[in-house]
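Single-structure report; data block below.
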Amino acid sequence: MRRPQPFLVCTLVACLLVAGCQDGSREKRGDRPAGRCAGVDFADVKGVPPAFAGTELRRYGAAHAVCAAYWLDHVDDWFVPQGLAIRGRTAFISGYQWREDRSERACQLLVLDLRTGRTLEFLDRFEAPIYGDRPTYCRHGGGLEITRDGLWVAESERLWLLDPQLVGHGDPVLRAWRVERPTEGSTLVVDGDRLGLAGFSTHHPGRISWFDLDDVLAPGVTLLAAPERVGHVPIRLQGIATGPGGLWLSSSSTHCAELKVPGRRPLDFVPGAEDVEVSGNDLWTLSEAGARPYLSPGEGLVPMLVRLDRRAVLGGRTADCGW
């Protein structure tokens, strides 16, 4: 079987330095477990802060573990971050442009330089002729993974494979698949030689459908209808990552979040947490709590992208979101 041409990615990891705790957005030093990071101040956050909000960061249980944080361009234009993939000093961030009509929320893709917080590329829409000659555009963009085959983007009824080198430089779409119910692609994870598509539910545990990557990438395959295995995921699932012990899962609302790690109790996490990425001692997540449609009046901001000390998060408080 012939796969798409592997792409080149940078393998250097950026070293991001943050200042000590100075303001009320952080907990007192004696109330948090020791870690190599100490939270961030508003002035420490890289990038340009959104124009629609104030200058206070929100307090939350995992704030002590934040090592670095970023504002994202285009949130003033209603960009809502959802999916995350980290490679070296580059972050790939999928999401959508908010619209009242959910069916019109086009997938968007932002490429961020983690050294500077500068946006390298921004793709406001991508499409392909999935159901016939007329192109269909991606919607929502809730899950994101990067492998040697390319950049995987999940939406509820379709799965996309993009060439990251063509983002902002032409048509990046390599392949696209229809996803048949009851499988749903609210988010996704690639774990070794298998791909998992998971659904979101506010009332009961969701479903994750596992597919063999070689079967997905086989020539001529355009429909994902018969998963090899089906499992369950927690209520309000927003993101999945592979990490020590197995799958790391984030569940959230804009006011509370839980990180679920194999063999541990649910842990306090970043409000509005969407996708997660485990990279060595770092734990990355996106938050939609600071995005324009979901910002609550009177509450402080949550930066849209944060890097946390993984061990400090694991040593944090038990979550009690009450779902």
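Each value in this text was obtained by applying a stated rule to the coordinates, not by laboratory testing. Computed from a predicted structure; not experimentally measured. Cβ coordinates were reconstructed from backbone atoms using ideal geometry, including for glycine residues, and neighbour counts include every protein chain displayed.
Which of these, GLU56, GLU277, GLU100, has the largest mean-square fluctuation under a Gaussian network model of the chain (Cα springs below 10 Å)? Highest fluctuation among the options: GLU100. Where only DSSP H runs of four or more residues are counted, the chain gives -500 deg cm²/dmol as its mean residue ellipticity at 222 nm, each run worth -39500 (n - 2.57). Among residues other than GLY170 with Cβ under 12 Å from its Cβ, the summed charge is -3 (Lys and Arg +1, Asp and Glu -1). Put simply, the amide H of ARG87, placed in the peptide plane, has neighbours under 5 Å in PHE92, leaving out anything fewer than 5 places away on its chain.
Assuming a ≥ b ≥ c are the square roots of the Cα gyration tensor eigenvalues, decide whether the range 63-212 counts as rounded (a/c under 1.5), prolate (otherwise, with a/b larger than b/c) or oblate. The shape class here is rounded.
Karplus-based coupling profile of the range 145-155, in residue order and whole Hz: 9, 10, 9, 5, 7, x, 9, 8, 10, 9, 9, with θ = phi - 60° in 6.51 cos²θ - 1.76 cosθ + 1.60 and x standing for Gly or Pro. When CYS107, CYS321 are arranged by Cβ crowding within 10 Å, least crowded first, meaning fewest neighbours, the order is CYS321, CYS107. Footprinting exposure proxy ranking of ARG175, ARG134, fewest other C-beta atoms within 10 angstrom first, gives ARG134, ARG175.
Simple rule: put +1 on each Lys or Arg Cβ and -1 on each Asp or Glu Cβ in the chain, find the dipole, and look at LEU197, PRO50, LEU308; the Cα lying farthest toward the positive end is LEU308.
Above 33 Å, the calculated P(r) of the range 29-314 contains 17 percent of its Cα-Cα pairs. Computed over the chain with a Gaussian network model linking Cα atoms closer than 10 Å, the most mobile of THR254, THR187, THR136 is THR136.
Ordered by the count of other Cβ atoms within 10 Å of each Cβ, fewest first, ILE235, ILE208, ILE130 give ILE235, ILE130, ILE208. Taking amide H as placed 1.01 Å from N in the peptide plane, the amide H of GLN238 sits under 5 Å from that of SER250, SER251, SER252, each at least 5 places away or on another chain. Computed from phi, the 3J(HN,Hα) profile of the range 250-261 under the Karplus parametrisation 6.51, -1.76, 1.60 (θ = phi - 60°) reads 10, 10, 7, 10, 6, 10, 8, 8, 10, 9, 10, 10 Hz, with x in place of Gly and Pro. When the alpha carbon gyration tensor of the range 191-259 is reduced to an equivalent ellipsoid, its three semi-axes come out at 26, 14, 9 angstrom, largest first.
Among beta bridges identified by DSSP and lying wholly in the chain, the antiparallel ones come to about 95 percent.
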